[in-house]
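What follows is a set of notes on a single structure, which appears directly below.
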Amino acid sequence: MIMIEINNLSKKFNKNEVLKNLNIKIEKGESAVVIGRSGTGKSVLLKCLLGLIKPDSGIIKIGGENILEKNLQYIGNKSVKIGMLFQGGALFDSLNIWKNISFSSLQSKVSEKKCKKIAIETLEKVGLSSEVADLYPSELSGGMQKRVSLGRAIFSEPDIIFFDEPTTGLDPITADVINKLILEKVNDLGATALTITHDMSSARTIASKVYMLHEGKIIWGDSIKEMEKTKNEYILQFINGQSDGPIKIQNN
C-alpha cells in the first residue's frame, strides 16, 4: 500500500522555483529519508505535507486520499494519525514535560489524569523516567529534550511520523542514540516515516530507502545498500561531502 504519494508538486516563492513537479511514493511501513543540500526544498516539501505551506500545483495523497482540494486548500485525512518531530524540538517552555508530550490530547479535552498517565508511559518508551514528567524543558539537556520531542511525536501512536533534521544540534554520540531510538520506535509502531536531513549518519541508521532532492526534484531513490554502491555522481558528491562535482556551489 502506498501511504504517501506526491504527484507533480510545485511551489515557488516569487521567481524562486523551490519544488518543480516533484514526485515520490512512500510505501506503508517504509522509513524514507530525503537528503539534499540546505536550501534545496526539503523543509518546503515537509511543510506542504503538513499543510503549513500551500503548494502552487500538484497532488498529495495520504493513505490514498487526496488531502488537497481542487483549489489546493489543505483538508487533511482524518483517518490517518500523524506525528511530528520538529527540528529544534519546539517544546513549549511554559509547559512541563508531561503536558508537552500530551499537548494534542489536552487540546481535545482528554482528562489531565489520563494524559499524564499515558505521557509517563511514553517517557519510559523513549528512555526517560517518570521523574522527568513534572520538569520543564529548560531543566533538561539537549538530548533529553529531543527524547521528549520524540515522545510527543509517538504519543498518539501515529500512522505516519515526520522528522525534520532530528539530530541537529546534538553531539555525535547523542545523535546516534536518537537515531537508533527513532528507528526502534518507528518499527514498534509499524509506522511510515519520512525524515528530511543532510546528516548521512542519520540517514544510514534510519532509512529503509533514501531519496535525493536536487533542484526541486527527486533525482534518485533506492535502498541504503544501493546508495553505498551507486555510480550516480550527484549521490557520490553529496554523501562524500565533496565540493567538486555536478552539484554546483554558489558563492555568496
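Per residue, the stretch 24-82 exposes 50 Å² of solvent-accessible protein surface, assessed with a 1.4 angstrom probe and all protein chains in place.
Placing a pseudo-label 7 Å from each Cα along the Cα-to-Cβ vector at GLN237 and ARG37 gives an inter-label distance of 0.7 nm. Taken about its Cα centre, the stretch 177-252 carries a charge dipole of roughly 60 debye when the Cβ of each Lys and Arg holds +1 and the Cβ of each Asp and Glu holds -1. Charged side chains reduced to their Cβ positions (Lys and Arg at +1, Asp and Glu at -1) give the chain a dipole of some 660 debye around its Cα centre.
Rg over Rh for the stretch 136-252 works out to 1.01, using Cα positions for both radii and the Kirkwood form for Rh.
Peptides 153-163, 239-249 ordered by packing proxy, namely the average of other Cβ atoms within 10 Å per residue, highest first: 153-163, 239-249. Cα centroid distance between the stretch 1-23 and the stretch 168-231, in Å? The stretch 1-23 and the stretch 168-231 have Cα centres spaced 20 Å from each other.
Of the Cα atoms belonging to the stretch 88-204, the radius of gyration and Dmax stand at 13.6, 41 Å. Averaged over its residues, the stretch 114-252 has an accessible area of 49 Å² per residue, based on protein heavy atoms and a 1.4 Å probe. Once both labels are modelled 7 Å past Cα along the beta-carbon direction, what's the ALA90-LYS54 spacing in nm? Placing both labels 7 Å beyond Cα along the Cβ direction yields 2.0 nm. Ignoring solvent entirely, what values of log10 I(q)/I(0) come out of the Debye formula for the chain at 0.10, 0.11, 0.15, 0.16 Å⁻¹ when each Cα is a single scatterer? Those come out to -0.50, -0.61, -1.10, -1.22, one per q. Residues TYR211, TYR74 ordered from highest to lowest accessible area at a 1.4 Å probe: TYR74, TYR211. Counting only protein heavy atoms and a probe of 1.4 Å, the accessible surface of the chain is 47% carbon and sulfur.
Full extension of the chain between ASN66 and GLU17 yields a length gain of 15.3 nm, computed as 0.36 nm times the residue separation minus the alpha carbon distance.
How many angstrom lie between the Cα centre of the stretch 98-124 and the Cα centre of the stretch 31-60? Centre-to-centre (Cα) distance: 29 Å. With an a/c value under 1.5 for the gyration tensor axes a ≥ b ≥ c computed over the alpha-carbon atoms, the stretch 80-133 is described as rounded.
Here the calculated FRET efficiency for VAL110 and LYS78, from their Cβ-Cβ distance with R0 = 22 Å, stands at 0.85, rounded to the nearest 0.05.
Rolling a 1.4 Å probe over the protein heavy atoms leaves GLU184 with an accessible area of roughly 90 Å². Per-residue ellipticity at 222 nm from helix content only, as computed over the chain with -39500 (n - 2.57) for each DSSP H run of at least four residues, stands at -9500 deg cm²/dmol. Applying the Karplus relation 6.51 cos²θ - 1.76 cosθ + 1.60 with θ = phi - 60° to the stretch 33-40 yields 3J(HN,Hα) values of 10, 9, 10, x, 5, 4, x, 8 Hz, where x marks Gly and Pro.
Under the classification rounded if a/c is under 1.5, otherwise prolate if a/b is larger than b/c and oblate if not, where does the stretch 23-68 fall, given a ≥ b ≥ c as square roots of the Cα gyration tensor eigenvalues? Oblate.
Using Cα pairs closer than 8 Å and at least 6 residues apart in sequence, work out the relative contact order for the stretch 1-109, in percent. With pairs under 8 Å counted, the relative contact order is 24 percent.
The values are calculated or read from the model by the stated rules, or taken from the named source; none is laboratory data. What you see is a predicted model, and the numbers here were worked out from it, not measured in a lab. Note that we place each Cβ from the backbone using ideal geometry, even for glycine, and neighbour counts take in every protein chain shown. Accessible surface is based on the protein model in full, side chains and every heavy atom, while ligands, DNA and RNA are left aside. Shrake-Rupley method; radii C 1.70, N 1.55, O 1.52, S 1.80 Å.
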